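J.: The structure under discussion is supplied below as structure tokens; questions concerning it will follow.
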Amino acid sequence: MTDEKPPSSQTALLWMPFVVMAVVTIMDVLVGPGVGLLPLVAVGPAFAGLVGGWRRTVVIGALALLLCVGLGLYNGLFAERRGYTAMVSVAGVTGVGIAAAVMRSRREAELASMRSIAEVAQRVLLRPVPLNAGAFQVAVSYTSAVAEARIGGDLYEVVASPHGVRVIVGDVQGKGLAAVETAAVVLGAFREAAYDEQELAGVGERVERSVARELEGERFVTAVLAEIDVGQDLVLLNYGHPPPLLVRCDGGIDFPEPPSYALPLGLTAHGTEGPEPFTVGFEPGEQLLLYTDGVTEARDVDGRFYPLGERTHLLKEPDTHRALDALREDLVRHTGGPPGDDAAMLLLRHRRHGDGNPPPPGGRAAASAAHGPDEDRGEVHRIHGTLPGLWSSRILDGCGHWIQ
């Protein structure tokens, strides 16, 4: 558990009432009663109403009244009306500050309640992906361009279906609640079709029909669908989306392009044919990164796009989630601040299941001798709950690296 520090602006406001009252007190003592600084003590309770609860405002108001009485007696202002006028000013400002603090606290409570409801809705829409899906490790990163939001127009899902692991990453045209509603339609259709349809093309057609019923006008969704199964090639279906990134065992990269480009989801009214599925080799130890255009179109201060193909060395981190976190942090450094568009990334690592034994002395060669030249053994289990992130065994990936 980490302690969250308040922002510097809020810290300044917390101390502002005391600083103001101290300055007014010192100046009043130094220059005397002729300048008429005493009513400025009321500025303290005024600042107190901006942050903190009403009780804090009461305490600061009482302190301001005591200062007012003390300075009034010191300057002999209660022999005339000036001292009493200053006290009335401090009391009035304190009362207004208390009322403002009460109203602000109520609004903050309502906002917190609405935010908690929104977070629940967001979790329902973009559910956490599984850490492992079949023979693949999965990690996801999502950065919304909307402040305080966890989701926006980008979408992703991983489904371990009877027909293999099926994945979708997409980008809805536009932003705001309309984009979120469209994303919900796409994800709902995909989650159902991924289990029912035997072919990936059938999944795409089901999603296309659902989107076409819901969207109006020129609104659309770009998406790439993927199907992966052990011992088989990677099947891709691209609806006008940026091609995924394949990282090979030897460090080489590939951006698989479709044989012919198709229109995004929701534009079937134009009468064009849908995309054709195409296959790509995907061997154990290799990695597949699906992403949205918020990643590749992110610009730095000089207007240069993010060079995703030059950042694949960040994905060498043995832990899948740390590797994707490193890529996301590099993206944020490139833009120098929040992204200008939603940015989603989903990383899959191909591994083989085995007996889970740790590597024998001698590394890969000894492992091959023990299990046969064509077998890469090793299985991983992540324990949840009281011991998150603990590995109960080790992995030997297809590239010949033991992963702790």
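J.: For the range 35-103, just list the percent of Cα-Cα distances falling in each 5 Å bin from zero outward, please.
T.: Going from the shortest bin to the longest, the percentages are 4, 21, 30, 19, 13, 8, 4, 1.
J.: To continue, here is another question. Can you tell me the convex hull volume per residue for the range 222-283, based on C-alpha atoms, in Å³ to the nearest whole number?
T.: 73
J.: Using a 7 Å offset from the Cα along the Cα-to-Cβ direction at both E276 and D319, what is the distance between the two label points in nm, to one decimal?
T.: Each label point lies 7 Å from its Cα, and together they span 4.4 nm.
J.: Between L50 and R304, what is 0.36 nm times their sequence separation minus the Cα-Cα distance? Round to one decimal in nm.
T.: Values: separation 254, 0.36 × 254 = 91.44 nm, distance 4.18 nm.
Taking L50 through R304 to full extension adds about 87.3 nm, to one decimal.
J.: Hey, another quick one. Tell me, what is the FRET efficiency for A178 and V19 to the nearest 0.05, using R0 = 51 angstrom and their Cβ-Cβ distance as r?
T.: Numbers: r = 47 Å, r/R0 = 0.91.
Plugging the Cβ-Cβ distance into 1/(1 + (r/R0)^6) gives 0.65.
J.: Further question: Whole angstrom only: what separates the Cα centroid of the range 154-231 from the Cα centroid of the range 56-103?
T.: Each part reduced to its Cα centre gives a spacing of 64 Å.
J.: Roughly speaking, to the nearest percent, how much of the range 159-235's 1.4 Å accessible area is carbon and sulfur?
T.: Values: 1590 of 3410 Å².
Carbon and sulfur: 46 percent of the exposed surface of the range 159-235.
J.: How big is the C-alpha Rg of the range 268-309 next to the rule-of-thumb value 2.2 N^0.38 Å, as a ratio? The partial results should precede the final answer.
T.: Values: Rg = 16.3 Å, N = 42, 2.2 N^0.38 = 9.1 Å.
Taking the Cα Rg and dividing by 2.2 N^0.38 Å, one obtains 1.79.
J.: Now, a different point. For a Förster distance of 45 Å, can you work out the FRET efficiency between the beta-carbons of R81 and L111, rounded to the nearest 0.05? Before the final figure, lay out the partial values.
T.: On the way: r = 44 Å, r/R0 = 0.98.
In this case the efficiency is close to 0.55.
J.: I'd like the accessible area for H350: 1.4 Å probe, protein heavy atoms, all chains in place, Å² to the nearest 10.
T.: 10
J.: Report, in cubic angstrom per residue, the convex hull volume of the C-alpha atoms of the range 253-345. Each step should come with its number before you reach the end.
T.: Numbers: hull volume 12.4 nm³, N = 93.
It is 134 Å³ per residue.
The values are calculated or read from the model by the stated rules, or taken from the named source; none is laboratory data. Treat the numbers as computed from the prediction; the structure is a model and nothing was measured. Cβ atoms come from the backbone with ideal geometry, glycine included; neighbour counts cover every protein chain shown. Ligands, DNA and RNA are stripped out before the accessible areas are found, and what is left, the full protein with its side chains, is counted by its heavy atoms. Shrake-Rupley method; radii C 1.70, N 1.55, O 1.52, S 1.80 Å.
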